[in-house]
Amino acid sequence: MTSRNLVRMFMTTLVVGGLTTVFVGFIVRWNEFETYFTEFQILDIASTAIWLLFMGFLFSLISQMGFFAYLTVHRFGLGIFKSASLWNGVQIVLILFGLFDLVYLRYNNFAKQGESWLNYLWPALFLLVIGLIVAWFKQKQTNREAFIPALFFMIVATLIEWVPALKVNERSWFYLMLLGLLACNAYQLLALHQYNLKSQLERQQRGKAAGTKVSKKM
């Protein structure tokens with residue numbers, strides 16, 4: 001990827017994270033912010049939106065660090081296991097392990113006496129469904145081999161990035177960080193191919209331009 005497209009991807013992912021967090025933030029904390037809108041407190045609305053925007057930028061930075069870390073891990077995995085199918089098998093095991101831990105550990109740490117474990121199942125199911133949808137689109141965009149790596153990134157990488165909110169287990173942060181990370185992770189995963197194609201075309205155009213200049217000089 002060219003440096004220009006890398007910067008574009010970075011900035012666009014920041015915007016995705018920021019806007020998603022602003023939108024989700026007002027929804028999940030509506031009981032706190034409702035009076036701002038009913039009483040037309042424009043200054044409070046603006047200050048809250050700016051605060052949520054910067055929180056979204058932070059989530060975006062976490063997502064981007066996780067994305068580039070995964071790209072490195074993916075290359076290491078392919079090099080270590082010497083087989084894409086074997087590495088995919090390892091990733092499937094890690095996906096199942098991550099989803100199980102999301103349910104089991106949260107239930108053990110936060111469940112009240114008599115509370116059903118089913119209340120802790122839905123975040124794992126939601127994460128799995130979103131991961132499957134994004135992985136399907138990634139497969140359509142590129143090839144079948146991209147499905148498992150995309151699913152792994154959407155689930156396992158998101159879980160790792162989501163750890164601060166999981167530890168706190170506060171409802172608004174739980175949703176806010178999850179949806180912000182998912183939006184950024186999905187965007188990066190689906191946009192990477194397009195940015196790579198743009199970079200390839202730009203290099204080809206530069207090569208043609210350089211060749212034209214050389215031929216003119218000759």
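None of the figures in this text is laboratory data; all of them are computed from the coordinates on show. Model, not experiment: these values are computed from the prediction. Note that we place each Cβ from the backbone using ideal geometry, even for glycine, and neighbour counts take in every protein chain shown.
So how strong a dipole does the range 1-124 carry about its Cα centre when Lys and Arg Cβ are +1 and Asp and Glu Cβ are -1, to the nearest 20 debye?
Dipole of the range 1-124, to the nearest 20 debye: 720 debye.
Translational diffusion coefficient of the chain at 4 °C, 1.567 mPa s, Stokes-Einstein with Kirkwood Rh over Cα pairs, in µm²/s as a whole number.
For the chosen part, D equals 66 µm²/s.
State the extension gain, in nm to one decimal, for the chain segment bounded by L125 and A69, taking 0.36 nm per residue of separation less the distance between their alpha-carbons.
17.7 nm
Quick one: net charge of L179's neighbours, Cβ under 14 Å, K/R +1, D/E -1?
Cβ neighbours under 14 Å give a net charge of +1.
Helices from the chain with mean Kyte-Doolittle at least 0.5 and a Cα length along the axis of 30 Å or more, per DSSP H: which?
In the chain, the long hydrophobic H runs are 3-28, 42-81, 84-110.
Among Q205, Q64, Q194, determine the one that fluctuates most according to a GNM of the chain built with springs between C-alpha atoms less than 10 Å apart.
In this elastic network of the chain, the residue with the biggest mean-square fluctuation among Q205, Q64, Q194 is Q205.
Which one of S172, F10, I27 is farthest out on the positive end of the charge dipole of the chain, using unit charges on Cβ (Lys, Arg +1; Asp, Glu -1) and the Cα centre as origin?
Of S172, F10, I27, it is F10.
Given T158, V90, N109, which one lies farthest toward the positive end of the charge dipole of the range 69-203, if we put +1 on the Cβ of every Lys and Arg and -1 on the Cβ of every Asp and Glu?
V90
Taking the Cα centre as origin and putting +1 on Lys and Arg beta-carbons and -1 on Asp and Glu beta-carbons, what dipole magnitude results for the chain, to the nearest 20 debye?
1640 debye
When each pair of different Cα atoms in the range 25-115 is counted once in the 1/r mean, what is the Kirkwood radius in angstroms, to one decimal?
17.5 Å
Could you tell me how far the Cα centroid of the range 121-159 sits from the Cα centroid of the range 15-80, in Å?
Taking the Cα centre of the range 121-159 as reference, the centre of the range 15-80 is 20 Å away.
Once you have the Cα-Cα distance between S116 and T2, take 0.36 nm times their residue separation minus that, and quote the gain in nm to one decimal.
This chain segment gains 36.0 nm when fully extended.
How large is the dipole of the range 57-185 about the Cα centre if only Lys and Arg carry +1 and Asp and Glu carry -1, each at its Cβ, rounded to the nearest 20 debye?
With only Lys, Arg, Asp and Glu charged at Cβ, the dipole is about 200 debye.
Once you keep just the Cα pairs under 8 angstrom separated by 6 or more residues, what percentage relative contact order results for the range 84-201?
26 percent.
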